[in-house]
1. Add -39500 (n - 2.57) for each DSSP H run of 4 or more in the chain, then divide by its residues: what number comes out at 222 nm, to the nearest 500 deg cm²/dmol?
2. For E129 and E212 in one chain, what is 0.36 nm times their gap in residues minus the Cα-Cα distance, to one decimal in nm?
3. Amide H to amide H, which residues 5 or more places from I139 or on other chains are under 5 Å from it, using H placed in the peptide plane?
4. Based on Cα coordinates alone, diagonalise the gyration tensor for the chain, multiply each eigenvalue by 5, take square roots, and list the semi-axes in whole Å, largest first.
5. If I take every Cα pair under 8 Å that is 6 or more residues apart in the stretch 116-165, average their sequence separation and divide by the length, what percent do I get for the relative contact order?
6. On each of the three principal axes of the Cα atoms of the stretch 125-263, give max minus min coordinate, whole Å, ordered largest first.
7. Between V20, V245, V228, where does the largest GNM mean-square fluctuation fall for the chain, given springs only between Cα atoms within less than 10 Å?
8. Taking springs between alpha-carbon atoms closer than 10 angstrom, which of M268, M233, M140 fluctuates most in the Gaussian network model of the chain?
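A short reminder: the numbers here are calculations on the coordinates, not readings from a lab. Since the model is a prediction, treat every value here as computed from it, not as a measurement. A quick note on method: Cβ atoms are made from the backbone with ideal geometry, for glycine too, and the neighbour counts reach across all protein chains shown.
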Amino acid sequence: MDMNLNIGVIKGDGIGPEIVTEAMKVLDRTAEVYGHTCGYTQLLLGGASIDVHGVPLTDETIAEAKRCEAVLMGSIGGDAKTSPWYQLEPSKRPEAGLLAIRKALNLFANLRPAILYDELKGACPLKEEITEGGFDLMIMRELTGGLYFGERKTVEENGVLTAYDSLTYNEHEIRRIAKRAFDIAMKRGKKVTSVDKANVLDSSRLWRKVVEEVAKDYPEVTLEHMLVDNCAMQLVKNPKQFDVVLTENMFGDILSDEASMVTGSIGMLASASLNETKFGLYEPSGGSAPDIAGKGIANPIATILSAAMMLRYSFDLDKEADAIETAVARVLKEGYRTIDIMSEGKTQAGTAKMGDLIASYIA
Ligand code: IPM
Ligand code: MG
């Protein structure tokens, strides 16, 4: 069935515009091959929004995003040392816009798949005996609660500056992300590793209790609990043991960067942030990399793979998503590499060249 895909696009800051342009190229080509059309609405977020509106996110942008079926995003933020955006108070900086849009759209489930491509083994810092056979894990990060959204303040108490950040989770927030994790595990390796710090934190003890309740509805899925410090260690010691890693917001932020690095480059990692509906915000896991912005060397693959996730999760276009993933695997197999994943004997390609090649391989 031919579809018209109504997609919001946040190009954002730094390398964002370059990598999103390539993802749109691949989307347009995929739509052409499969008989769909893509309609794009450009949305401003982060520094790009500050430059125009003085704030990193406006109500109008939220309303426009809600009118789209899905949003594809590049990255937001700049160099904290040099960019004027960081002269603003914290709540007006680019990152605040990203957190606010996650909250406004209720995007509580953040999926960050980490896959080691056979062709990229050379870029993986782990020993070959550890990565033999590859690995494929999915970090499920809770995205709208915990430390990121708790009350915070900095006050002077008896002449001493004191800062507070609070970590709160209620059972409903834990239950809905846990259900998502188990649903996804059912379609994958049927194993959930729930990561917490239950030996110290009350929020983690509640997390564990609720996850165990949810697990009862999924008898086919094996549930394992792991403390976050141990998990950080296990990710480099034996990443193959993981299927779905379920964790709260802050732990997920940290562990997903670690997981990305063991795949070779953060430039390869896609992500999806979903709410209760089909709507999702899709973005590469990496940041805006202001140091290489505008140079045409950024790796667009994570954004292109995020576009594939968008087709799969928001539009149920599995064949089209497969076509993009196959095209990415082919470009790697043929030896093309952006600088971040470059190794001896391979052909270095810039951002646009990578996009062109992947688009041309869509079949
Ligand atoms: C991420 C990023 C963000 C986060 C930053 C930019 C606020 O690191 O998406 O992982 O911490 O969630
Ligand atoms: Mg992060």
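1. -12000 deg cm²/dmol
2. Gain on extension, E129 to E212, equals 26.5 nm.
3. Close amide H contacts, sequence-distant or interchain: R112, A114, V245.
4. Each semi-axis is √(5λ); the values are 30, 26, 21 Å.
5. Answer for the stretch 116-165 is 24 percent.
6. The Cα atoms of the stretch 125-263 stretch 58, 38, 23 Å along the principal axes, largest first.
7. Maximum among the listed residues: V228.
8. For the chain, modelled as a Gaussian network with Cα springs under 10 Å, the answer is M233.
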